[in-house]
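What follows is a short report on a single structure.
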Amino acid sequence: MEHYRTIALIENDYQKRAKITNALFAGGFHVEPFEEIEEFISESKTSYIVLISDEGSNLDKLLNLINGQAQWFPIIPYAEEASLNSIVSAMLKGAIGYIDRLPDLQGVMDVISSNKAERQKLMENGRLRAEARAKLVLLTKREREVLKCMAEGMSNKIIGMKLGISPRTVEIHRANMITKLETDSTNEALRLAAYADI
């Protein structure tokens with residue numbers, strides 16, 4: 001995790017942004033402050049840890065945008081007064097930690113460095129999900145439908161009946177899908193589908 005030393009801070013309040021940025025700089029982090037989520041998305045780099053204000057729908061908006069671009073970042077939401085529900089909700093959505101007071105430099109450092117194995121696994125899973133989504137955007141709508149049916153355990157015959165196409169057409173879609181995904185097998189395609197959560 002050591003290469004994750006750059007923190008992208010997304011905070012629309014100028015004074016809070018300055019206060020948090022200064023505290024993190026003092027702790028040896030490089031901080032890239034952003035006022036808006038869209039600004040971050042347009043300039044984002046893969047080595048960022050994202051520290052984002054958990055106000056309103058900020059976290060959902062960020063997740064929707066990065067998922068739409070098949071990206072992933074370690075995300076740490078924060079709030080000055082966080083409810084237990086907010087913290088649990090953020091963690092279930094894939095946050096690697098939560099800070100309930102800022103500028104809490106020690107809290108940020110603890111989230112980044114504690115439970116390294118567990119956080120590394122979260123980060124690896126996030127990276128694999130982003131890679132899988134990036135590959136699946138190459139598929140046509142029909143190929144994605146076939147893959148989804150395959151992931152549900154359906155045979156070519158059942159897929160054909162469900163989609164109103166012949167089993168032979170299903171086979172053609174499967175072959176095209178495997179070629180586009182650059183996989184060696186149907187199992188690998190199914191693994192990508194599982195990571196992409198289609």
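Rounded to the nearest 10 square angstrom, residue 38 shows an accessible area of 90 square angstrom against a 1.4 Å probe.
Just to confirm a number: summing +1 for Lys and Arg and -1 for Asp and Glu over residues other than residue 18 whose beta-carbon lies under 13 angstrom from that of residue 18, what do you get? Around residue 18, the charge tally is 0. Database remark: amide H of residue 8 closer than 5 angstrom to the amide H of 32, 49, 50, 51 (H placed geometrically; neighbours at sequence offset of 5 or more, or on other chains; Pro and chain starts carry no H). If you add up the charges near residue 33, with Lys and Arg at +1 and Asp and Glu at -1, over every other residue whose beta carbon is less than 13 angstrom from its beta carbon, what do you get? Local net charge: -4. Binning the alpha carbon pair distances of region 129-179 at 10 angstrom intervals from zero yields the distribution 27, 56, 16, 1, expressed in whole percent.
For residue 30, the solvent-accessible surface computed with a 1.4 Å probe is close to 90 Å², ligands and nucleic acids excluded.
Looking at region 1-102, the trypsin sites (Lys or Arg not before Pro) that sit in a DSSP loop and have at most 10 other Cβ atoms within 10 Å of their own Cβ are 45. Taking the square roots of five times each eigenvalue of the Cα gyration tensor of region 26-95, the equivalent ellipsoid has semi-axes of 19, 16, 11 Å, listed largest first. For the listed residue pairs 19/135; 61/157; 93/141; 61/162; 93/148, the alpha carbons are over 32 angstrom apart in 19/135; 61/157; 61/162.
The values are calculated or read from the model by the stated rules, or taken from the named source; none is laboratory data. Every value quoted in this text rests on a predicted model; they were computed, and no experiment measured them. Counting neighbours? That spans all protein chains shown, and the Cβs are built from the backbone with ideal geometry, glycine included. Side chains included, ligands, DNA and RNA excluded: accessible areas come from the protein's heavy atoms. Shrake-Rupley method; radii C 1.70, N 1.55, O 1.52, S 1.80 Å.
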